[in-house]
């Protein structure tokens, strides 16, 4: 190869890498690479350097606390087998100059890695194996992501979740934020919502506050408009179904709509008669409502329902820290429902009943009135977050000797013949505490 | 030879936490290599990133078919090869005109050769140190800060071709430097 030939090759490779190669030059490149093994080796070297320059500079510029690009870790791994330990921690797959700016807000202890709160970085693709990372994007959207996570930040307002569980708090500035998973596309309308794509077979979408639009992947027509306290599961075969219960404490911010409950939970599952029969379910707007199980969650200020802002107050000391079920308000007019609570161990089971209305027969027959009350701070949406009324709820107790399912009834015994004779109450509350 | 294209599974099997961890570990370890492999086939780093992202999703979904203990890189390059070929087949997207025969040749040779990338990376690091400060600044602007050459040209009041000429000179200098470094290391 003489110097002229060498110069031609370099010029051709550069034209392609600069993205300005003409059609003629593109054909020349193909011809050259077909005919010359030496040219192919130089082409490969150009490719290596192109990637290497981006990685090298990213590494040299990155603050010490920020995740290094993949090549950095790979090189150290090659140098020392012990570096494998690093891979079990948090690490960035790669950096892209087209990435999204973000700030790390919190890293769980189990996400052992190189991130810490306060780090800022720019990334497009992130993957980690264990633990939870909270971050804030430049758009103001706050994300909490539980591993194993495989994420692509398409832009400041769009996240692609290949795997992982994401809770998004978009705030006012983040309206329109989109999360896409292998099964769904979720468009936020100003809300706090969760997307769980940790299973390769399905995606769970739940709304904790506000409203989202849910689409099946690739579909133009909306599958559902989900409101607070509603959720849907979309499976790989495109079957969509209601999520009946969601477990998780507010403090940790973690949640799960999967079947496996936390180990310490007394209430492990909640179901109702509206999820079993599709025809029946179609008759009711509660089709998409979920029950929220909050282990240890009962106390003053605890939200009473999954789909409203009402809170419990004046909770007796003996009940503080009990497992809580947040039922949903739309069921309050329902007189035929059956609600089933799965209990993991012997416990005291409590129901809170609106004192203004007749006590349902199933409560009278199976529970004992403790004589105590808990207060429902009624905060209708039109009250703008203020307490409009304080409603006393009677606390009824039942001892459950063995683990298993307990069936509860409806807030009303019969269809009200005269609706005016009933106060438009809220749904009853449910709590459980382990027997000492 | 590139193996036959893996067929998509209509319902990917669920992955245990251990398998998920294995996937992340394997992909993380192989990412730099895979990006170089794909770039050789599509001719542009950003296109290569997009292709590799799509390939990563396919790998995730098919990871249940990967046998632990076997060669992950061989498995992953096969997936990446078909994603690159699909990318090139969509008219208007590709910046190179590689037919299937050339693509196969490049893939076969690159699959073996690319495993030596860490040594080249070490050499590149040495060679970058030898660049003039202004050259390093240009590399930093384009490769790290993501500034387009046209924007740099505008800021400096120069023709964009002047920037491309500088960049071309740097790329060639680095390629020749790395070749020398590799030859010295081998002797």
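Of the residues in the stretch A:186-199, how many are surrounded by fewer than 22 Cβ atoms within 10 Å (Cβ to Cβ) and either modelled with pLDDT under 90 or farther than 26 Å from residue A:385 by Cα (or both)?
Qualifying residue count for the region: 3.
Can you go through B:95, B:110, B:85 and tell me which one is closer than 30 Å to residue B:62 by Cα, touching a residue at least 12 places away in the same chain (Cβ under 8 Å), assigned by TED's automatic domain parsing to the domain that holds residue B:35 and not in a helix (DSSP H, G or I)?
B:95
How about the stretch A:278-298: which of its residues are modelled with pLDDT under 95, more than 18 Å from residue A:192 (Cβ to Cβ) and assigned to a loop (DSSP other than H, G, I, E, B)?
Those that are modelled with pLDDT under 95, more than 18 Å from residue A:192 (Cβ to Cβ) and assigned to a loop (DSSP other than H, G, I, E, B): A:283, A:284, A:295, A:296.
What about residue A:222, is it in contact with a strand residue (DSSP E or B) (Cβ under 6 Å, 6 or more places away or on another chain), away from chain B (no Cβ under 14 Å) and assigned to a loop (DSSP other than H, G, I, E, B)?
Judged against the criteria, residue A:222 is a match.
State all residues of the stretch B:28-55 that are more than 13 Å from the chain's Cα centre (by Cα) and within 7 Å of chain A (Cβ to nearest Cβ); if no residue qualifies, say none.
B:28, B:29
Quick check on my filter: what residues within the stretch A:15-41 are in contact (Cβ under 8 Å) with a residue 24 or more places away in the chain and either at the interface with chain B (Cβ under 7 Å from one of its Cβ atoms) or under 13 Å from residue B:94 (Cα atoms) (or both)?
Matches in the stretch A:15-41: A:17 only.
Within the bounds of the stretch B:141-155, is there any residue that is facing chain A (nearest Cβ under 10 Å), crowded, with 17+ Cβ neighbours inside 10 Å and closer than 19 Å to residue A:38 by Cβ?
Checked the stretch B:141-155: no residue is facing chain A (nearest Cβ under 10 Å), crowded, with 17+ Cβ neighbours inside 10 Å and closer than 19 Å to residue A:38 by Cβ.
Can we say residue B:111 is more than 9 Å from chain A (Cβ to nearest Cβ) and more than 27 Å from residue A:99 (Cβ to Cβ)?
Spelling it out, residue B:111 is indeed more than 9 Å from chain A (Cβ to nearest Cβ) and more than 27 Å from residue A:99 (Cβ to Cβ).
Testing residue B:134 on (1) buried (at least 16 other Cβ atoms within 10 Å of the Cβ); (2) in a helix (DSSP H, G or I), one condition comes back false. Which one is that?
(1)
Looking at the stretch B:156-183 only, could you name the residues that are surrounded by 18 or more Cβ atoms within 10 Å (Cβ to Cβ) and within 19 Å of residue B:123 (Cβ to Cβ)?
Matches in the stretch B:156-183: B:170, B:171, B:172, B:174, B:175, B:177, B:178, B:181.
The values are calculated or read from the model by the stated rules, or taken from the named source; none is laboratory data. Keep in mind that what you see is a predicted model, and the values were worked out from it rather than measured. Glycine gets a Cβ as well: all are built from the backbone with ideal geometry, and neighbour counts include every protein chain shown.
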